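Here's the structure we're looking at; comments come further down.
Throughout, read-outs are computed from the coordinates displayed, never taken from laboratory work. The structure displayed is predicted, hence computed values, not measured ones.
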Amino acid sequence: MIFRCNFEELGALKEGADVLLSESSGEGSTVAAPPEGREEVEALLPRLSGDLTLETLADQRKVLKGVTVIVSRLRDEMDSSVLATHPADEFAVSSYFLYAHALAVLDRVSRLGQEMEALIEVVTGAPPTPEVAVSFRFPD
């Protein structure tokens, strides 16, 4: 399945992923412990050059986890920028838009996963198992 993202959404996800990965690698931080979902964010980042192809439910779930981690980081950044300055500050507004675009992607990729699960259940007659989530292919 092709999962479409617009320019602003891709930019927000890239920005969030870059910030998250630079923080967890120790840049500008005293703690280099990787957050949960780092692997998924690292795998997602190179794919953020255009629309995503999600061939399996397992792939969708990895993308969902990566996007969830990015959205969480962008929300934290938005909250801190609003509190550090004020809601109309240029950085706070920019942070809001990054968060909002990434949140929109999170909602759509989550709904896509629900649709994929439902389709697997219709075809196989059972909820998707981990094995089926990896092997059941969705064409473009």
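Taking a cut-off of 21 Å, what percent of all Cα-Cα pairs in the range 2-135 are separated by more than that?
Everything past 21 Å amounts to 46 percent.
Based on the inverse mean of 1/r over its pairs of different Cα atoms, what is the Kirkwood hydrodynamic radius of the range 69-140, in Å? Could the numbers behind the result be given before it?
Values: mean 1/r = 0.0686 Å⁻¹.
That comes to 14.6 Å for the range 69-140.
Under the rule of -39500 (n - 2.57) per DSSP H run of 4 or more residues, summed and divided by the residues of the chain, what mean residue ellipticity at 222 nm is obtained, to the nearest 500 deg cm²/dmol?
-23000 deg cm²/dmol
On C-alpha positions alone, give me the angle between the axis of helix 7-24 and the longest principal axis of the chain, in degrees, nearest 10.
Computed tilt is about 70 degrees.
Where does helix 90-124 land angle-wise versus the long Cα axis of the chain, in degrees 0 to 90, nearest 10?
Taking Cα atoms only, the helix is inclined about 10 degrees.
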